[in-house]
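Asks: Shown below is the structure under consideration.
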């Protein structure tokens, strides 16, 4: 019933905004209980950033994520630091370029930031594309709720680019989940 | 050592952004441990919004606010719902117009939203002014750290108005704390 998601990366990648938007999508539009948290300590002052979202059908007593269902890492450091918090059956989503060394071949590696830069001309929307990847790869949040939450929070005038980034991420996430990197190749007959 | 702050109001007042900015000010610039949380449940779907910030000199094991040092309420409902969580010696900051019925004469009632509308032409910056009021009334966060955190997070082009709102709030908060509503009048000699 309880689902724990962590976004890990560096300050400026917009992962706290991504956490807030995911929480609003699930809490306000999908009708679940959600707690969204960011923590700051000595490690954050080095530029690291993380945001957590805990989702449940029932009120949430303990809001910290401890055994992750999803880790979405946008830096190598974020991946390395938190990979051990992922459940064995958890989903690891990586920015393929920013996390060159995946700790497992089962990771869903999507070139999130590059994809956004190439399609939309700016990396600014990579956090929104990351939410799309999460939705496409895991189904944890519906695209209707997610779109509503994105549009409610992004600056006026940026709605279409954010919508494009979200959809781009969704398709990429769906593709990555349908053909994970460690799926055996078919032998030719 | 532990300080618990809750912002309570309605969606659209920007209180989650205020919570994130306060946490970044204290965590990234003032060098403390901070956890910042928002929770969503059935009550949030009615439009209520709350954001919590817990500050400590040591790592924070339990991130939920339970005995508030500060409650900053921007709606009557937010005040009524959470006033009982305030410590006896805690500080209650209210938007004077939006919370017409204060539960105690010791409340610091500042017309935050009106003040911003009159000075800056838009209510949009009331959440930033509220942070200024908090800083001016309590000293929990320094203005240098708070200004840096505000400027790092607000949209480009709005820096000056946000800075103005912050300073406006700071002065109002300082005045309110210096002359609380329940201070006995001096008898004329």
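Asks: Would you confirm, using the coordinates I've provided, whether residue A:78 is under 24 Å from residue B:59 (Cα atoms), crowded, with 21+ Cβ neighbours inside 10 Å and at pLDDT 95 or above?
Replies: It is true that residue A:78 is under 24 Å from residue B:59 (Cα atoms), crowded, with 21+ Cβ neighbours inside 10 Å and at pLDDT 95 or above.
Asks: May I pose another question? Kindly establish whether residue A:38 is modelled with pLDDT under 95 and more than 28 Å from residue A:178 (Cβ to Cβ).
Replies: no
Asks: Turning to a different aspect of this structure: Evaluate region B:113-130: report whether one residue or more is away from every other protein chain (no Cβ under 14 Å) and in contact with a strand residue (DSSP E or B) (Cβ under 7 Å, 6 or more places away or on another chain).
Replies: Yes; the residues of region B:113-130 include at least one that is away from every other protein chain (no Cβ under 14 Å) and in contact with a strand residue (DSSP E or B) (Cβ under 7 Å, 6 or more places away or on another chain).
Asks: Tell me the residue from B:139, B:157 that is surrounded by fewer than 20 Cβ atoms within 10 Å (Cβ to Cβ) and under 15 Å from the mean Cα position of the chain (by Cα), please.
Replies: The unique qualifying residue is B:139.
Asks: What number of residues within region A:62-76 are without any contact (Cβ under 8 Å) to a residue 60 or more places away in the chain and over 24 Å from residue A:34 (Cβ atoms)?
Replies: Adding up the residues that qualify gives 1.
Asks: Checking residue A:120 against (1) surrounded by 15 or more Cβ atoms within 10 Å (Cβ to Cβ); (2) within 18 Å of residue A:55 (Cα to Cα): exactly one of these is not met. Which one?
Replies: Condition not satisfied by residue A:120: (2).
Asks: Taking strands (runs of 3 or more DSSP E) that do not extend beyond region A:1-96, which have at least 1 residues that are more than 9 Å from every other protein chain (Cβ to nearest Cβ)?
Replies: Because the criterion is at least 1 residues that are more than 9 Å from every other protein chain (Cβ to nearest Cβ), the strands (runs of 3 or more DSSP E) in region A:1-96 that meet it are A:3-10, A:48-56, A:68-73, A:86-95.
Asks: Please work out which residue is nearest to the chain's Cα centre (by Cα), limiting yourself to region B:17-38 and to residues that are surrounded by fewer than 22 Cβ atoms within 10 Å (Cβ to Cβ) and under 22 Å from residue A:153 (Cβ atoms).
Replies: B:17
Asks: Let me ask another. Select from region A:131-189 the residues that are part of a loop (DSSP other than H, G, I, E, B), at pLDDT below 95 and under 23 Å from residue A:6 (Cβ atoms) and list them in ascending order.
Replies: Hits for region A:131-189 are A:154, A:180, A:181, A:182.
The values are calculated or read from the model by the stated rules, or taken from the named source; none is laboratory data. No experiment lies behind these values; they were computed from the predicted model shown. Backbone-built Cβ (ideal geometry, glycine too); neighbour counts: all protein chains shown.
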